[in-house]
Structures are given as structure tokens and as C-alpha cells.
Amino acid sequence: MLWLHSCLPDPLYSTPTVLSPRSKKFKGDIRSPGIPSRVIHVRKLPNDINEAEVISLGLPFGKVTNLLMLKGKNQAFLEMNTEESAQTMVSYYSSVTPVIRNHPIYMQYSNHKELKTDNSPNQVRAQAALQAVNAVQTGSMSLSTVDGAGMGSQSPVLRVIVENLFYPVTLDVLHQIFSKFGTVLKIITFTKNNQFQALVQYSDGMTSQHAKLSLDGQNIYNACCTLRISFSKLTSLNVKYNNDKSRDYTRPDLPTGDSHPALNAQTMAAAALTAPGIISASPYAGAHGFPPTFAIQQAAGLSLQGMPAGALASLGVHGAAAAAAAAGRLSLSGLAAGGNSVLLVSNLNPESVTPQCLFILFGVYGDVMRVKILFNKKENALVQMSDGTQAQLAMSHLNGQKLYGKALRATLSKHTTVQLPREGHEDQGLTKDYSSSPLHRFKKPGSKNYSNIFPPSSTLHLSNIPPSVTEDHLRDLFLSSGAVVKAFKFFQKDRKMALIQLGSVEEAIESLIKFHNHDLGENHHLRVSFSKSTI
């Protein structure tokens with residue numbers, strides 16, 4: 001059994017403690033948490049953390065040689081191959097707090113100099129995760145040492161759900177990611193329940209287990225496009241067409257069939273440039289499509305002061321991939337978003353669209369700083385977002401959506417800022433400054449709103465509902481705007497939130513604009529956003 005000595009710098013504890021998987025007693029063994037050790041104590045982990053996510057914290061700095069998970073305490077112990085690697089890791093994360101699933105993570109040196117693990121189920125799983133990740137780093141596909149943990153007994157077909165779909169995820173992107181773990185035979189992509197999903201087939205169950213263990217819970221891009229992976233009940237996929245929705249890599253002779261239009265190249269390129277994560281399609285991309293180390297640092301806006309030269313570069317291609325995954329864990333507050341933050345929005349209905357209307361709608365995808373409807377061309381407007389990432393996000397979700405009977409067009413503007421009218425020059429209220437608005441959804445770094453951004457849909461999520469407001473009250477409210485209410489459902493445990501399904505996406509967009517921040521009384525203002533769910 002494994003015994004660990006660790007200091008907890010928490011106000012609840014005034015003395016160091018000894019943790020044991022067998023015993024919950026605390027014993028003293030005083031030693032400063034500042035003394036370097038190969039073993040690092042990681043705290044404040046989210047409840048649903050998995051082994052691969054903890055391992056990814058250490059991969060950019062060296063080889064992870066052992067892992068102990070204490071999920072009941074939301075803690076883990078990570079052992080690095082050298083003390084120097086551990087020092088680099090602790091030093092770096094002392095200035096850049098890592099964030100996993102919107103939880104800031106804290107770490108320090110452990111009192112223990114090494115980890116000794118047993119054969120408990122938790123430790124077998126941890127060792128399997130280490131084997132899988134190390135296989136990626138070395139390029140080895142040998143998993144014989146963990147075959148006893150049940151690998152190879154699962155379906156060779158993985159079911160993949162991409163949550164928080166901020167940026168487009170293509171079939172080629174999925175192939176690039178999953179082919180790192182073995183030969184991908186077939187991929188089918190589709191949308192179900194307003195979620196982008198895929199089926200990925202390998203040649204055997206061991207490879208699919210390997211990929212699932214390493215990728216489940218990872219982000220493709222920074223803080224978004226999260227992979228949720230399970231084993232499919234299918235054992236083989238039947239692919240009829242090779243196009244942008246499905247592909248059989250063993251049958252290049254298949255017809256293309258009815259392929260959907262390719263994604264906007266500008267949107268994809270901009271998304272890749274501003275969103276580091278597991279993959280990057282930036283111009284700096286190195287071998288196998290992964291960016292070299294400097295590109296990861298540059299794109300993520302990371303400060304690597306104090307990191308020994310070559311600490312990341314020594315990892316090679318596979319290490320760079322791991323570094324990208326780790327960079328994707330960092331808080332959005334540290335992201336140096338590139339690109340223009342001003343959008344040109346055209347084909348608007350000048351009779352209905354106001355600056356406030358655009359502020360509310362585009363504010364679903366980022367914090368809107370300023371809006372200007374052009375004086376001589378009122379069907380056009382400039383919308384300035386907080387940064388380039390938010391501008392790309394709003395553009396990718398709203399371009400082509402119908403607003404007051406017209407399909408709006410959103411592109412990047414040549415302007416880099418929206419100018420306010422000079423003093424003494426009245427513009428009929430067509431320019432508004434929202435930089436200090438209390439309605440910004442993303443002011444707080446790591447806000448839960450980052451996890452709840454979805455494309456416009458006919459179902460709206462309602463929150464901040466006071467106890468006195470009934471279903472009939474809310475139905476009548478949305479009916480008053482001319483919308484058709486097809487379904488309504490309060491959340492079972494909490495009547496502060498509800499889902500309402502309207503007759504069309506256009507009705508939902510206009511209702512969100514009209515009723516977001518609507519005063520429901522009792523000092524409650526309604527919060528409205530698009531939902532991925534249906535009723």
C-alpha cells in the first residue's frame with residue numbers, strides 16, 4: 001500500500017498531514033512544501049477529472065512516471081522522471097494557474113520523494129493511463145503490459161460527442177487526432193440532439209481503448225470542443241460515401257455522394273490560429289500537423305519565464321502535442337486572442353434592428369464593446385467584440401441566421417475599432433458604447449457561460465426565474481411577441497430554470513433579443529440563452 005506525506009497549504013490545516021489510501025488519520029511529519037521533490041501534490045481537482053487530464057498537466061515538462069489519484073479528496077500525486085522536471089512544472093504553474101473544466105488547479109512539492117503503488121483497481125487504471133500516454137510520446141503501440149486491465153476487450157468503434165462546439169470540427173480534424181493512436185479505418189460524422197457526433201473505427205479494441213483513455217475529456221481547442229468518448233455497440237461501420245461527412249480509408253474508390261458544402265476556409269483558419277489545443281492548423285504547424293513548441297506558446301499567450309531552454313522542445317513531436325493539450329487547459333484569461341475583433345454585419349432589416357438588438361444577440365458569444373449602425377447604410381452595422389476569438393465565435397454561429405426576416409451576414413471588418421461620434425456630432429443614437437455594461441456574460445475568467453455556448457436553436461434556456469412566476473406566465477410572455485410556444489419544461493429540481501421550445505430558430509433569436517434581461521419582478525431579471533437540448 002502507498003503512504004504519502006504532504007503539506008496542505010489550506011486555512012483549515014495548520015500542520016502538515018500524512019495521507020494514506022488505507023487510513024484517513026492525519027499524522028505529523030513536518031517538512032517545508034518548498035523543498036523540491038519529483039512528486040507533486042495536485043489539489044482542488046474537479047469531481048469528474050480523469051487520469052489522462054491529470055497526466056497532461058505534467059507532460060510538457062518531462063516524462064510522468066507514476067500517478068496516484070485520490071478522487072474522494074479531489075487530489076492527486078504526480079511523479080516526474082527527474083527533480084528538474086518537477087521544479088520546472090511547479091515554477092511554471094506558480095505564475096500561470098492551470099484550469100481544468102473551469103476549476104483552477106493548485107500544486108506544490110510533496111513530502112514524499114517517490115510513489116510506490118499497489119495492485120488496487122484505482123492504481124491499475126492509473127498505470128494503464130500512463131502506459132497509454134507514454135505510448136503516444138514514444139510512438140510505440142505496445143500495450144501488452146496493461147492488457148490485464150481489460151484493454152482489447154472493448155468495441156473497436158468509438159462514439160464521440162463534441163461538447164461546447166465553439167469552432168467547426170471537421171472529419172479531417174477528427175482523423176488527425178485519432179490517428180495518433182493507431183490506424184483509423186472509418187469515420188462517420190452526424191448531428192443528433194443538437195450535438196455534433198462521430199463514430200470512429202479502429203482495427204481492434206485495444207487501440208480504441210488506448211484512444212479513449214487518452215482523449216476522453218480533452219479539449220480540441222482552448223477551453224472548448226470537448227471530447228466525450230464511449231464505446232459504440234457497433235463493431236463495424238458501413239460507409240457508402242467518401243465525403244466531408246463520412247469516409248472509409250480502406251476504400252478510396254467509393255463515390256462522394258451528396259456532400260455538404262465545405263466549411264468556410266477563413267473561419268476554419270482563424271479558429272485554428274486563435275484556439276490552441278490538441279491540434280492546430282496554423283501556418284506554424286510542424287510534423288504531423290502539430291505546432292512546434294514556440295507556436296503553442298505564441299498562440300496561447302503563455303509566459304514561460306523561468307523554464308529551462310529546451311524543456312518543451314526536448315519532448316519532440318509527441319511531446320509538443322501533449323504541450324498543446326496542456327495549453328488548452330489554461331484559463332481563457334491568459335489567451336492572447338489574435339485577429340480583428342470588429343465584425344461587419346450586413347443584410348439587416350433597418351426597420352427592426354437597433355444597436356441594443358445587436359448587443360444582446362452577439363453578446364451570446366462574447367462581450368460586445370461597441371455597436372455602430374451605419375448612418376447612410378442602415379442595413380449594415382459594425383460590432384466590436386472584446387477580442388478576436390469572440391469575434392470569430394460570433395461570426396461562425398450567427399452568419400446566415402435569419403433576423404427579422406432577413407439572413408444576416410457577418411464577416412471580419414477592415415476596421416480595428418468602432419469610433420464613437422465626436423462631441424457635438426449627433427448620430428441619431430446609431431452608435432452605442434457597451435464597454436461598461438452589466439449584461440456582459442463573460443467578464444469573469446472561467447465563467448460557466450463559456451461552457452454553455454451553443455448555436456442558435458428553437459429551444460431557449462431560461463434562468464433566474466423567481467418562485468412566484470409560473471409556466472403560464474412565461475408561456476404568455478413569449479406568446480406576446482408573436483412566437484409559437486411548442487413546449488415548456490421547468491427543471492425538475494430547480495424551478496429557477498426552464499426550457500421553452502418555440503416554433504422556429506428565427507422566433508427563438510427574436511425572443512432572446514426581446515426577453516433577455518426582462519424584469520420578472522422580485523428583483524429578478526430573466527436570463528435567456530440558446531440550448532442544445534430539446535423538449
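The values are calculated or read from the model by the stated rules, or taken from the named source; none is laboratory data. Note that this is a predicted model, so its numbers are computed, not measured. Note that each Cβ is placed from the backbone with ideal geometry, even for glycine, and that neighbours are counted across all protein chains shown. What goes into the accessible areas is simple: the full protein's heavy atoms, side chains included, and nothing from ligands, DNA or RNA. Shrake-Rupley method; radii C 1.70, N 1.55, O 1.52, S 1.80 Å.
Answer with yes or no whether Asn66 is on the phi > 0 side of the Ramachandran plot and open to solvent by less than 50 Å² (accessible area, probe 1.4 Å).
no
Note down all Cβ pairs under 8 Å where the first residue falls in the stretch 152-179 and is part of a loop (DSSP other than H, G, I, E, B), the second is open to solvent by less than 10 Å² (accessible area, probe 1.4 Å) and among the aromatic types (Phe, Trp, Tyr), and they're at least six residues apart or on different chains.
Pro156/Tyr202; Phe166/Tyr221; Tyr167/Tyr221
Go through the stretch 69-99 and count every residue that is open to solvent by 10 Å² or more (accessible area, probe 1.4 Å), within 13 Å of Leu57 (Cα to Cα) and in a strand (DSSP E or B).
2
For the condition assigned to a strand (DSSP E or B), in contact (Cβ under 8 Å) with a residue 12 or more places away in the chain and either open to solvent by less than 40 Å² (accessible area, probe 1.4 Å) or more than 25 Å from Pro355 (Cβ to Cβ) (or both), what is the one hit in Ala483, Ala410, Ala394?
Among Ala483, Ala410, Ala394, only Ala410 is assigned to a strand (DSSP E or B), in contact (Cβ under 8 Å) with a residue 12 or more places away in the chain and either open to solvent by less than 40 Å² (accessible area, probe 1.4 Å) or more than 25 Å from Pro355 (Cβ to Cβ) (or both).
I'm told Leu358 meets every condition in (1) farther than 16 Å from Phe442 by Cβ; (2) under 28 Å from the mean Cα position of the chain (by Cα); (3) part of a loop (DSSP other than H, G, I, E, B) except one. Can you identify the failing condition by its number?
Against the list (1) farther than 16 Å from Phe442 by Cβ; (2) under 28 Å from the mean Cα position of the chain (by Cα); (3) part of a loop (DSSP other than H, G, I, E, B), Leu358 comes up short only on (3).
All but one of (1) surrounded by fewer than 18 Cβ atoms within 10 Å (Cβ to Cβ); (2) in contact (Cβ under 8 Å) with a residue 24 or more places away in the chain; (3) out of contact with any strand residue (DSSP E or B) (no Cβ under 7 Å at 6 or more places or on another chain) hold for Glu507, so report the exception by its number.
(1)
Pick from the stretch 100-119 the residues that are modelled with pLDDT under 75 and surrounded by 13 or more Cβ atoms within 10 Å (Cβ to Cβ): which of them is nearest to Leu68 (Cα to Cα)?
Of everything passing the filter in the stretch 100-119, Thr117 is nearest to Leu68 (Cα to Cα).
Conditions (1) farther than 22 Å from Tyr167 by Cβ; (2) among the polar types (S, T, N, Q); (3) outside the structural domain of Asn349 (by the TED database), marked per residue:
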position	(1), (2), (3)
Arg370	yes, no, no
Met385	no, no, no
Gln392	no, yes, no
Ser396	no, yes, no
Arg409	no, no, no
Arg422	yes, no, no
Ser458	yes, yes, yes
Leu462	yes, no, yes
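Hey, could you check the stretch 153-182 for residues that are touching a strand residue (DSSP E or B) at 6+ places or on another chain (Cβ under 9 Å) and either on the phi > 0 side of the Ramachandran plot or among the hydroxyl-bearing types (Ser, Thr, Tyr) (or both) and say which is surrounded by the most Cβ atoms within 10 Å (Cβ to Cβ)?
Residue satisfying both the conditions and the ranking: Tyr167.
Among (1) polar (S, T, N, Q); (2) under 24 Å from Ser352 (Cβ atoms); (3) open to solvent by 60 Å² or more (accessible area, probe 1.4 Å), there is one condition Thr534 misses while meeting the rest; what is its number?
(2)
Where residues in the stretch 419-453 are open to solvent by less than 30 Å² (accessible area, probe 1.4 Å), modelled with pLDDT of 85 or more and hydrophobic (A, V, I, L, M, F, W, C), which of them is nearest to the chain's Cα centre (by Cα)?
By that ranking, first place goes to Phe442.
Being modelled with pLDDT of 95 or more and outside any strand (DSSP E or B): is that true of Phe478 here?
Here the answer is yes, as Phe478 does meet what is asked.
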